[in-house]
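Reviewing the structure listed below.
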Amino acid sequence: MAAVENVSDTAFWVAHYRARESARPDALFHDPLAERLSGTHGDAIARAIPGGVMTGWIVSLRTIIIDDFLRYAIGQGVDLILNLGAGLDTRPYRLDALDQKVTWVEVDYPAMIAYKEKQLASETPRCRLERVKLDLADPVARRSFLAGMNARSKNILVLTEGVLPYLSNEAVGALADDLHRQSNVRFWIADYMSSQALRFRRRFSRRHLRNAAFKFAPDDWFAFFDSRGWQCSDMHYYLEEATKVHRPLHLPLPFRIMMFLRWLASTPAQRKQAGKFAGFALLVPKVA
């Protein structure tokens, strides 16, 4: 049996690394509920899949990047946050920028929502929290849900943390179109991966993550979203964020040697671009 049987399993894997970060004396954030949610399942997945140093580094950095984007958007008046494919995220319980003026709506598969509600039944969120059991792959149900949310607020942010990579280009395009039709969606937080990073991830995932393979692979990430009415307002790349928070990536020696040799063989332009291999974007609707 594979360590990861489906995409939902990756939520336990990610929660495991959020728990590990929270336990560090120099933690970049504190997620006291991550260990409970991850449980033995998340630990078993992490033990079975190599590359834990890189995975943990990415999870920690993407968490603080998204936290900062959320703080900014709330400061801009956002009062309804739609977390699509919420997984085991616990920001409604820990993010300091949240209060009872903000409504947070988590959307995920029924089994994930049921598990989360059971585990967190005794906890009190910082904001108004709702959970919706919904298969986002169902276009009719998704559009109905988004239209209902659009009618509730004029200041909406959509979060898709770790969701888009598992969707096809067509599916991401359909979601982008559906979100753009909602006149009150002001911000969208989305994963960014360069084509080089995608190729590396695919090679890595052939064995260990074949049941949760990355599918989204546009020729030009920025042009893809631009053609659907979205522009990048802000981008935080992992390497730049790591420098800012003094969290370098400590890879095993063979990987460091390999990366150094590739760096020597690259052009100055390629070296500059290599530091922008992945991160998170804050997208906004294009102005007509």
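The values are calculated or read from the model by the stated rules, or taken from the named source; none is laboratory data. Since we're looking at a predicted model, the values are computed, not measured. Virtual Cβ from ideal backbone geometry, glycine too; neighbours counted across all protein chains shown. We work out accessible area using only protein heavy atoms, side chains counted, and drop any ligands, DNA or RNA first. Shrake-Rupley method; radii C 1.70, N 1.55, O 1.52, S 1.80 Å.
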From the option list Gln182, Gln196, single residue qualifying as open to solvent by 10 Å² or more (accessible area, probe 1.4 Å) and either touching a Ser or Thr at 6+ places or on another chain (Cβ under 7 Å) or not in a helix (DSSP H, G or I) (or both) is Gln182
From the list Asp99, Asp89, Asp26, pick out the single residue that is crowded, with 23+ Cβ neighbours inside 10 Å, out of contact with any Leu (no Cβ under 6 Å at 6 or more places or on another chain) and in a loop (DSSP other than H, G, I, E, B).
Asp89
Residue selected from segment 66-77 under the condition more than 28 Å from Lys118 (Cα to Cα) and crowded, with 20+ Cβ neighbours inside 10 Å, by the criterion farthest from the chain's Cα centre (by Cα)
Ile74
Selection from segment 45-71 of residues that are hydrophobic (A, V, I, L, M, F, W, C) and within 30 Å of Val284 (Cα to Cα)
Met54, Trp57, Ile58, Val59, Leu61, Ile64, Ile65, Ile66, Phe69, Leu70
Of the conditions (1) closer than 19 Å to Gly162 by Cα; (2) open to solvent by 70 Å² or more (accessible area, probe 1.4 Å); (3) of a type in the set (A, V, I, L, M, F, W, C); (4) at pLDDT below 95, Ala265 fails just one. Which one is it?
(1)
Filter pass, Pro125 being more than 23 Å from Val7 (Cα to Cα), open to solvent by less than 60 Å² (accessible area, probe 1.4 Å) and free of Cβ contacts under 8 Å to residues at least 40 places away in the same chain:
yes
Of everything in segment 41-86 that's among the acidic types (Asp, Glu) and assigned to a helix (DSSP H, G or I), which residue is nearest to Glu161 (Cα to Cα)?
Asp67
Test set (1) in contact with a Pro (Cβ under 9 Å, 6 or more places away or on another chain); (2) crowded, with 16+ Cβ neighbours inside 10 Å; (3) not small (Gly, Ala, Ser) - Val53 fails condition number
(2)
Checked Ser144, Ser122 against criteria (out of contact with any strand residue (DSSP E or B) (no Cβ under 7 Å at 6 or more places or on another chain), more than 20 Å from Ser38 (Cβ to Cβ) and either in a strand (DSSP E or B) or hydroxyl-bearing (Ser, Thr, Tyr) (or both)); the one match is Ser144
Would you point out which residue out of Thr63, Thr10, Thr40 is over 18 Å from Asn211 (Cβ atoms) and open to solvent by less than 30 Å² (accessible area, probe 1.4 Å)?
Thr63
Pick from segment 109-122, criterion free of Cβ contacts under 8 Å to residues at least 40 places away in the same chain and of a type in the set (D, E, K, R), ranking: least open to solvent (accessible area, probe 1.4 Å)
Glu117
Can you confirm whether Leu159 is open to solvent by less than 40 Å² (accessible area, probe 1.4 Å), part of a helix (DSSP H, G or I) and at pLDDT 95 or above?
no
